[in-house]
Amino acid sequence: MKLIIANWKMNPDNSLEAKELFRFFDDIESDNEVVICPPFAFLGLAPERTVLGGQNCFWKKEGSFTGEVSPLMLKDMGCRYVIIGHSERRDIFGENNEIINKKIKAVLEAGIIPILCVGEKKGDNANRVVVRQLEKGLEGIDSSNVIIAYEPVWAIGTGDFCSPEKADEIRKIIKEKVKSKILYGGSVNSKNVKSYIDKGFDGVLVGGASLKKEEFVSLVKNA
Ligand code: PEP
(Lines give C-alpha, C1' and ligand atoms only; values in the text may rest on other atoms or scores of the structure.)
Protein backbone atom coordinates (compact mmCIF):
# COMPACT_ATOMS: atom_id res chain seq x y z
CA MET A 1 0.00 0.00 0.00
CA LYS A 2 1.44 3.33 -1.08
CA LEU A 3 0.78 6.65 0.61
CA ILE A 4 -0.58 9.48 -1.54
CA ILE A 5 -0.61 12.80 0.30
CA ALA A 6 -2.69 15.56 -1.30
CA ASN A 7 -1.51 19.00 -0.18
CA TRP A 8 -4.20 21.50 -1.19
CA LYS A 9 -2.14 24.39 0.25
CA MET A 10 -4.35 27.52 0.54
CA ASN A 11 -6.89 26.23 -2.01
CA PRO A 12 -9.66 26.21 -3.12
CA ASP A 13 -10.83 29.71 -2.23
CA ASN A 14 -14.34 28.72 -1.11
CA SER A 15 -16.12 25.98 0.81
CA LEU A 16 -18.44 24.98 -2.06
CA GLU A 17 -15.48 23.96 -4.17
CA ALA A 18 -13.81 22.24 -1.23
CA LYS A 19 -16.96 20.16 -0.65
CA GLU A 20 -17.08 19.27 -4.34
CA LEU A 21 -13.43 18.11 -4.31
CA PHE A 22 -14.00 16.05 -1.15
CA ARG A 23 -17.10 14.48 -2.69
CA PHE A 24 -15.31 13.64 -5.94
CA PHE A 25 -12.30 12.08 -4.20
CA ASP A 26 -14.53 10.14 -1.81
CA ASP A 27 -15.37 7.85 -4.74
CA ILE A 28 -11.76 6.85 -5.49
CA GLU A 29 -11.36 3.09 -5.19
CA SER A 30 -7.73 2.25 -4.47
CA ASP A 31 -5.55 -0.01 -2.35
CA ASN A 32 -3.35 3.01 -1.68
CA GLU A 33 -3.90 5.28 1.32
CA VAL A 34 -5.05 8.66 0.04
CA VAL A 35 -4.66 11.46 2.58
CA ILE A 36 -6.26 14.84 1.94
CA CYS A 37 -4.58 17.83 3.61
CA PRO A 38 -6.98 20.75 3.11
CA PRO A 39 -6.70 24.20 4.70
CA PHE A 40 -7.71 24.09 8.40
CA ALA A 41 -10.94 25.92 7.56
CA PHE A 42 -12.19 23.00 5.44
CA LEU A 43 -11.25 20.05 7.68
CA GLY A 44 -14.77 19.87 9.09
CA LEU A 45 -16.30 19.55 5.60
CA ALA A 46 -14.70 16.21 4.77
CA PRO A 47 -16.86 13.12 4.35
CA GLU A 48 -16.51 10.63 7.19
CA ARG A 49 -14.26 8.12 5.44
CA THR A 50 -11.74 10.70 4.12
CA VAL A 51 -8.32 10.21 5.65
CA LEU A 52 -7.25 13.70 6.71
CA GLY A 53 -3.98 15.47 7.36
CA GLY A 54 -3.04 18.96 8.48
CA GLN A 55 -0.60 21.14 6.54
CA ASN A 56 1.12 22.55 9.61
CA CYS A 57 0.61 23.05 13.35
CA PHE A 58 2.13 24.75 16.39
CA TRP A 59 4.07 22.86 19.07
CA LYS A 60 2.02 23.99 22.08
CA LYS A 61 -1.12 22.21 23.27
CA GLU A 62 -3.20 25.35 23.88
CA GLY A 63 -2.89 28.95 25.04
CA SER A 64 -2.30 32.51 23.87
CA PHE A 65 -0.90 31.82 20.40
CA THR A 66 -3.12 33.82 18.08
CA GLY A 67 -3.68 32.22 14.72
CA GLU A 68 -2.11 28.88 15.59
CA VAL A 69 -3.55 25.35 15.63
CA SER A 70 -2.32 22.61 17.97
CA PRO A 71 -1.66 18.97 17.11
CA LEU A 72 -4.41 17.95 19.55
CA MET A 73 -6.89 20.17 17.69
CA LEU A 74 -5.92 18.50 14.43
CA LYS A 75 -6.40 15.10 16.01
CA ASP A 76 -9.77 16.18 17.34
CA MET A 77 -10.76 17.20 13.79
CA GLY A 78 -9.93 13.69 12.57
CA CYS A 79 -6.40 14.18 11.22
CA ARG A 80 -4.20 11.09 11.13
CA TYR A 81 -1.21 12.92 9.64
CA VAL A 82 0.33 16.40 9.55
CA ILE A 83 2.86 17.87 7.14
CA ILE A 84 5.75 19.55 8.97
CA GLY A 85 8.52 21.70 7.53
CA HIS A 86 7.12 22.15 4.03
CA SER A 87 9.47 24.37 2.03
CA GLU A 88 6.80 27.10 1.94
CA ARG A 89 6.73 27.06 5.75
CA ARG A 90 10.52 27.24 5.84
CA ASP A 91 10.84 30.00 3.19
CA ILE A 92 7.78 32.20 3.72
CA PHE A 93 7.22 31.73 7.46
CA GLY A 94 10.82 31.38 8.58
CA GLU A 95 10.61 27.91 10.09
CA ASN A 96 14.03 26.48 10.86
CA ASN A 97 15.13 22.99 11.84
CA GLU A 98 14.83 23.75 15.58
CA ILE A 99 11.20 24.87 15.23
CA ILE A 100 10.46 21.86 13.05
CA ASN A 101 12.00 19.54 15.64
CA LYS A 102 9.71 20.97 18.36
CA LYS A 103 6.70 20.53 16.11
CA ILE A 104 7.48 16.91 15.30
CA LYS A 105 7.85 16.11 19.02
CA ALA A 106 4.51 17.76 19.80
CA VAL A 107 2.79 15.96 16.92
CA LEU A 108 4.07 12.57 18.06
CA GLU A 109 3.00 13.31 21.62
CA ALA A 110 -0.51 14.02 20.34
CA GLY A 111 -0.60 10.68 18.54
CA ILE A 112 -0.51 11.95 14.94
CA ILE A 113 1.97 10.91 12.26
CA PRO A 114 4.30 13.71 11.15
CA ILE A 115 5.38 13.96 7.51
CA LEU A 116 8.70 15.80 7.56
CA CYS A 117 9.55 17.58 4.30
CA VAL A 118 13.20 17.90 3.36
CA GLY A 119 14.86 19.07 0.17
CA GLU A 120 17.44 21.32 -1.38
CA LYS A 121 17.09 24.56 -3.33
CA LYS A 122 18.54 24.97 -6.80
CA GLY A 123 22.33 25.07 -6.64
CA ASP A 124 22.50 23.52 -3.13
CA ASN A 125 24.38 20.36 -2.39
CA ALA A 126 21.32 18.08 -2.03
CA ASN A 127 23.10 15.47 0.03
CA ARG A 128 24.42 17.97 2.58
CA VAL A 129 21.16 19.92 2.93
CA VAL A 130 18.96 16.87 3.31
CA VAL A 131 21.24 15.16 5.83
CA ARG A 132 21.38 18.32 7.96
CA GLN A 133 17.59 18.75 7.83
CA LEU A 134 17.17 15.14 8.94
CA GLU A 135 19.76 15.30 11.71
CA LYS A 136 18.47 18.57 13.17
CA GLY A 137 14.77 17.98 12.51
CA LEU A 138 14.80 14.52 14.05
CA GLU A 139 17.11 15.19 17.01
CA GLY A 140 15.88 13.09 19.96
CA ILE A 141 13.15 11.46 17.84
CA ASP A 142 12.69 7.81 16.80
CA SER A 143 12.61 8.14 13.02
CA SER A 144 10.48 5.03 12.58
CA ASN A 145 7.50 7.09 13.80
CA VAL A 146 8.01 9.79 11.17
CA ILE A 147 7.42 9.81 7.41
CA ILE A 148 9.96 11.68 5.29
CA ALA A 149 8.97 13.48 2.08
CA TYR A 150 11.93 14.26 -0.16
CA GLU A 151 10.87 17.40 -2.02
CA PRO A 152 13.56 19.22 -4.00
CA VAL A 153 12.40 22.83 -3.63
CA TRP A 154 13.14 23.65 -7.29
CA ALA A 155 10.71 20.91 -8.35
CA ILE A 156 7.75 22.11 -6.26
CA GLY A 157 4.97 23.65 -8.33
CA THR A 158 7.25 24.17 -11.32
CA GLY A 159 6.56 21.18 -13.58
CA ASP A 160 10.34 20.70 -13.49
CA PHE A 161 10.24 17.36 -11.70
CA CYS A 162 13.35 15.60 -10.44
CA SER A 163 14.33 12.57 -12.52
CA PRO A 164 13.46 9.31 -10.75
CA GLU A 165 17.15 8.32 -10.92
CA LYS A 166 18.31 11.51 -9.17
CA ALA A 167 15.49 11.28 -6.62
CA ASP A 168 16.47 7.68 -5.93
CA GLU A 169 20.06 8.74 -5.15
CA ILE A 170 18.73 10.97 -2.38
CA ARG A 171 16.20 8.33 -1.28
CA LYS A 172 19.11 5.96 -0.66
CA ILE A 173 20.99 8.60 1.36
CA ILE A 174 17.86 9.22 3.46
CA LYS A 175 17.38 5.48 3.93
CA GLU A 176 20.87 5.18 5.40
CA LYS A 177 20.03 7.82 8.03
CA VAL A 178 16.46 6.93 9.09
CA LYS A 179 14.03 4.05 9.56
CA SER A 180 11.14 6.03 8.05
CA LYS A 181 8.91 5.54 5.04
CA ILE A 182 10.12 7.86 2.28
CA LEU A 183 7.91 9.78 -0.16
CA TYR A 184 8.81 11.85 -3.20
CA GLY A 185 7.23 15.25 -3.88
CA GLY A 186 7.72 17.85 -6.60
CA SER A 187 5.55 18.19 -9.71
CA VAL A 188 4.18 14.65 -9.44
CA ASN A 189 1.42 13.89 -11.94
CA SER A 190 -0.50 10.92 -13.27
CA LYS A 191 2.18 10.24 -15.88
CA ASN A 192 5.33 10.30 -13.74
CA VAL A 193 3.99 8.92 -10.42
CA LYS A 194 4.74 5.28 -11.22
CA SER A 195 8.39 6.02 -11.99
CA TYR A 196 8.99 7.12 -8.37
CA ILE A 197 7.09 4.17 -6.91
CA ASP A 198 9.08 1.81 -9.13
CA LYS A 199 12.32 3.25 -7.74
CA GLY A 200 11.26 2.28 -4.22
CA PHE A 201 9.53 5.37 -2.82
CA ASP A 202 6.73 4.48 -0.40
CA GLY A 203 4.42 7.07 -1.91
CA VAL A 204 4.19 10.66 -3.10
CA LEU A 205 3.29 14.12 -1.82
CA VAL A 206 1.21 15.96 -4.41
CA GLY A 207 0.43 19.68 -4.59
CA GLY A 208 -1.00 21.11 -7.81
CA ALA A 209 -2.28 17.83 -9.26
CA SER A 210 -4.29 17.11 -6.10
CA LEU A 211 -6.68 19.97 -6.97
CA LYS A 212 -7.48 18.65 -10.45
CA LYS A 213 -10.28 16.13 -10.16
CA GLU A 214 -9.68 13.68 -13.02
CA GLU A 215 -5.91 14.11 -12.93
CA PHE A 216 -5.72 13.25 -9.23
CA VAL A 217 -7.94 10.19 -9.63
CA SER A 218 -5.65 8.95 -12.46
CA LEU A 219 -2.59 9.69 -10.34
CA VAL A 220 -3.93 7.55 -7.48
CA LYS A 221 -4.82 4.72 -9.84
CA ASN A 222 -1.42 4.84 -11.61
CA ALA A 223 0.63 4.90 -8.40
C1 PEP B 1 4.00 20.30 -2.58
O2 PEP B 1 3.12 21.09 -2.33
O3 PEP B 1 4.69 19.85 -1.68
C4 PEP B 1 4.24 19.91 -3.97
C5 PEP B 1 5.06 18.92 -4.18
O6 PEP B 1 3.61 20.62 -4.93
P7 PEP B 1 3.56 20.25 -6.50
O8 PEP B 1 3.07 18.83 -6.60
O9 PEP B 1 2.61 21.23 -7.09
O10 PEP B 1 4.94 20.39 -7.04
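How large is the dipole of the chain about the Cα centre if only Lys and Arg carry +1 and Asp and Glu carry -1, each at its Cβ, rounded to the nearest 20 debye?
Details: 32 positive and 32 negative charges, 90 e Å.
For this selection, approximately 440 debye.
Using alpha carbons only, how many angstrom separate the centre of the range 164-223 from the centre of the range 72-138?
Here the two parts' Cα centres lie 18 Å apart.
With unit charges on the beta carbons (Lys and Arg positive, Asp and Glu negative) and the dipole taken about the Cα centre of the chain, which residue among ALA209, LEU21, ALA126 sits farthest to the positive side?
Final value for the positive-end residue is ALA126.
When the scattering of the range 8-122 is computed by the Debye formula from its Cα atoms alone, each counted once and equally, what is log10 I(q)/I(0) at q = 0.14 Å⁻¹?
-0.60
Given the -39500 (n - 2.57) contribution per DSSP H run of 4+ residues, what per-residue ellipticity at 222 nm results for the chain, rounded to the nearest 500 deg cm²/dmol? Numbers along the way, then the final one.
Numbers: 8 runs with 81 residues, N = 223.
So the calculated ellipticity at 222 nm is -10500 deg cm²/dmol.
Convex hull over the Cα atoms of the range 105-223, averaged projected area in nm²?
Numbers: hull surface 29.6 nm².
If I average the Cα hull's projected area over directions, I get 7.4 nm².
Across the Cα atoms of the range 60-170, what radius of gyration and what greatest pairwise Cα-Cα distance (Dmax) are found, in Å?
Computed over the Cα atoms of the range 60-170, radius of gyration and Dmax are 14.7, 47 Å.
Would you kindly compute the Cα radius of gyration of the range 139-199 and its largest Cα-Cα separation (Dmax), both in Å?
12.1, 38
Please report, for the Cα atoms of the chain, the Rg to one decimal and the Dmax as a whole number; what are they, in angstrom?
In order Rg, Dmax, the Cα atoms of the chain give 16.2, 47 Å.
May I ask you to list the lysines whose Cα is less than 21 Å away from that of LYS213, ignoring any residue fewer than eight positions away on the same chain?
Hits, sequence-local ones excluded: LYS2, LYS9, LYS19, LYS191, LYS194, LYS221.
Skip the ligands, DNA and RNA, and give the accessible area per residue of the range 3-222 with a 1.4 Å probe, whole Å². Mind showing how you got there, number by number?
Numbers: 10450 Å² over 220 residues.
Accessible area per residue, the range 3-222: 48 Å².
The values are calculated or read from the model by the stated rules, or taken from the named source; none is laboratory data. Please read all numbers here as calculations on a predicted model, not as lab measurements. Cβ atoms come from the backbone with ideal geometry, glycine included; neighbour counts cover every protein chain shown. Side chains are part of the model used for accessible areas, which takes the heavy atoms of the whole protein and leaves out ligands, DNA and RNA. Shrake-Rupley method; radii C 1.70, N 1.55, O 1.52, S 1.80 Å.
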